[in-house]
Amino acid sequence: MKYEPDYKIIGERIRFERELLGISREKFAELIGLSPVYVGEIERIERKMSMDSLVNISKNLHSSIDYLVF
């Protein structure tokens, strides 16, 4: 059985953690080297992210990938 990530939950967790740290979408995008539009699309489940982006997001949110994905 193939695992399909729940991108809605991942996006919600990314937004929650970013807001918990008090970081604007624009500042967070700057920190991780992505555009604010791209970050918004990830948070709203309009775009899937690469593994590199997920690792970078996780690192900058100080959250584990396990928490974000599972």
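General remarks:
- Gain on full extension, evaluated as 0.36 nm per residue between residue 55 and residue 69 minus their Cα-Cα distance, stands at 3.9 nm.
- Debye intensity ratio in log₁₀ form over the Cα atoms of the chain, taken at each q of 0.20, 0.26 Å⁻¹: -0.74, -1.32
- Against the criterion of solvent-accessible heavy-atom surface with a 1.4 angstrom probe, 52, 66, 6 sort, most first, into 52, 66, 6.
- Counting only Cβ charges, +1 for Lys and Arg and -1 for Asp and Glu, the dipole size of the chain around its Cα centre is about 20 debye.
The values are calculated or read from the model by the stated rules, or taken from the named source; none is laboratory data. Source: prediction; values computed, not measured. Here the Cβ is made from the backbone with ideal geometry for all residues, glycine too, and neighbour counts use every protein chain on show. The area values use the complete protein model at the heavy-atom level, side chains included, leaving out ligands, DNA and RNA. Shrake-Rupley method; radii C 1.70, N 1.55, O 1.52, S 1.80 Å.
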